[in-house]
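To keep things clear, I will list the structure first and then write my remarks on it.
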Amino acid sequence: MKRFPAYDPPEYVEFRPEPDVMAEYRATLARDRRRRTLIGRLRPTDLLGMYEGMLRFRLHDITLKRWVRQGVISKAWLGTGEEAVTVGTTHALRPGDLVGPMIRNAGACSEMGMPVAQMLKAYLGTADQITRGRDLHTGDPAKGVIPPNSFMACLVPVFTGFGIAIRQRGEDRVGLTYVGDGASRTAAFHEGFNFASVMKVPIIIVLQHNQVALGTATTRHSAGRMEDLRTAYAAGGAECDGNNVLDTWAAARLMVDAARRGGGPFILTARTFRMGGHATHDEAEARALFGADQFRHWGRRDPIGTFEAWIVADGPALDGRRRPAAARREANARLLEAAEARVTAAIDAAEQEALASRRERMPEPEDAVRGVYAIPGEPHVPAVPPLTGGTRGVTPRTLPGARIAAARPAAARAAVAAKGPAKAPAKKPAGRRPARRTLAPRGRRRLS
């Protein structure tokens, strides 16, 4: 792929697939039998889809970084170096499933069908996108993308609630959301995931172990191993190479399939590295925190560059034609170049659409309260509609409280019918309301 010296990490600008790194990449793919089997069943279109998804994510972030340099926006939160975690896990889902990206998982939005222009418009605060200019955390529940807010692990209890609803409705869907290593130490994570484990709900938490919480290295804020976190909740889970999109996809797919069969919750720990700062304003601090050797180590493992090298050298023929190995490699390289050209053109068009909205479609003052309060007479539209045509056709799954919850509406209706028509409450006689007394603390004078 094309590199951008002004915006890419310098390690990525100098990227070349190195033999020891690619041997490690191939060894990871061969290590687990079940994952290896799944990867072997991937079609060329699946591989191209993941490649285009990571490119789209990287170019989206480069657009934001360029806007920061140009003064269009003040700063941006990027997922550079972590694209495989987001794209691999999102591709393990299917239509009807729910994903909750945090701000470093913007690529999940586009992989679930959101236009990149809408994602860019959220940063620009325009009126013609879902948050109406009020928040850069975006999503689209109609496409299964639940918008987050800025509180770390905030979506863990929310997705636990989704999981309970999925089970009670008997729907054939799962939920997946993300936390970082720092967010996994918050009360929101603990309370939400503990309840998810108690209720056995079909959700997957992707623990994006990028080795830093804002500006604090994991070794300074956590004593235990991230991979052991699930044992505290008696939950299932696994680890994966978060810079290897195929390993990440296969690990997530196994968990998604298990959740559909009634399992869950799960924690997938993806080891990766943030190739920059917490945001664009503190990249120098991040490099000072970790040092050149660590950035060099992870720069050699660029998730896009290594996947591209694997497709060319080891992947199947992307066009499905049988050729000698050398001809297949040349054809795959050409098809990857064509895919990059398509994605680049689409990102350029999305940028121009977003900038046009910035000129012409900024919010009015009244937009601040639109969509906040219920309007009398307007029908209530659920944020996440029930799954249509995808229920299991059975009564709600057995989980703690599910049978009680399923039976409660019928019992409540029977009780109402037995009582007959409700009587109006008797009116209290009108009278003067007694005066309220405010007691001052003893020994102090009450100020009027």
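Between Arg94 and Ala27, what's the calculated FRET efficiency when r is the beta-carbon distance and R0 is 25 Å? Round to 0.05.
Rounded to the nearest 0.05, the efficiency is 0.30.
Percent antiparallel among DSSP beta bridges with both residues in segment 131-268, to the nearest 5?
Here the share of antiparallel DSSP bridges comes out near 20 percent.
Can you give me the relative contact order of segment 226-283 as a percent, contacts being Cα pairs under 8 Å and 6 or more apart?
Computed over segment 226-283, the figure is 40 percent.
Between Arg359 and Phe4, what FRET efficiency follows from the Cβ-Cβ distance if R0 is 30 Å, with the result rounded to 0.05?
Here the calculated transfer efficiency is 0.75.
Given labels modelled 7 Å from the Cα in the Cβ direction, how far is it in nm from Glu378 to Arg296?
Modelled inter-label distance: 5.8 nm.
Round to the nearest 0.05 the FRET efficiency obtained for Ala165 and Asp314 when R0 = 56 Å and r is the Cβ-Cβ distance.
It comes out at approximately 0.85.
Would you kindly state how much longer the chain becomes between Ala333 and Ser74 on full extension, computed as 0.36 nm times their sequence separation minus their alpha carbon distance, in nm to one decimal?
Additional length available on full extension: 89.5 nm.
Run the helix sum for the chain: -39,500 (n - 2.57) per DSSP H stretch of 4+ residues, divided by residue count, reported at 222 nm to the nearest 500 deg cm²/dmol.
Result for the chain, helices only: -14500 deg cm²/dmol.
Write down Rg/Rh for the chain, rounded to two decimals, with Rg from the C-alpha atoms and Rh from the Kirkwood relation over Cα pairs.
1.06
If you take every DSSP beta bridge fully contained in the chain, what fraction is antiparallel? Give it as a percent rounded to 5.
15
What is the magnitude of the charge dipole of segment 19-367 about its Cα centre, with +1 placed on the Cβ of each Lys and Arg, -1 on the Cβ of each Asp and Glu, and no other charges, expressed in debye to the nearest 20?
Using Cβ point charges on Lys, Arg, Asp and Glu, segment 19-367 gives about 880 debye.
How many angstrom separate the Cα center of segment 236-300 from the Cα center of segment 29-106?
Rounded to whole Å, the Cα centres lie 11 Å apart.
Work out the charge dipole of segment 259-324 with +1 on the Cβ of Lys and Arg and -1 on the Cβ of Asp and Glu about the Cα centre, then indicate which of Ala292, Leu268, Leu318 is farthest towards its positive end.
In segment 259-324, that residue is Leu318.
Loop only by DSSP, 13 or fewer other Cβ within 10 Å of the Cβ. Give me the GluC sites (Glu not before Pro) in segment 1-107 that pass, ordered by residue number.
Loop-located and lightly packed - Glu14.
Given Cα pairs under 8 Å that are at least 6 residues apart, what percent is the relative contact order of the chain?
Averaging sequence separation for qualifying contacts and normalising by length gives 21 percent for the chain.
Convex hull volume of the Cα atoms in segment 93-218, per residue, in Å³?
Each residue corresponds to 104 Å³ of Cα convex hull volume.
Please report the relative contact order for segment 266-387, taking Cα pairs under 8 Å with a sequence separation of at least 6, and give it as a percent rounded to a whole number.
So the answer I get is 12 percent.
Along Cα→Cβ, 7 Å out, is where each label goes; now give me the distance between the ones at Ala234 and Arg261 in nm to one decimal.
So the label points at Ala234 and Arg261 sit 2.1 nm apart.
Laboratory data are not the source of any read-out in this text; all were calculated from the coordinates shown. Please read all numbers here as calculations on a predicted model, not as lab measurements. Every residue, glycine among them, receives a Cβ derived from its backbone with ideal geometry; neighbour counts consider all protein chains shown.
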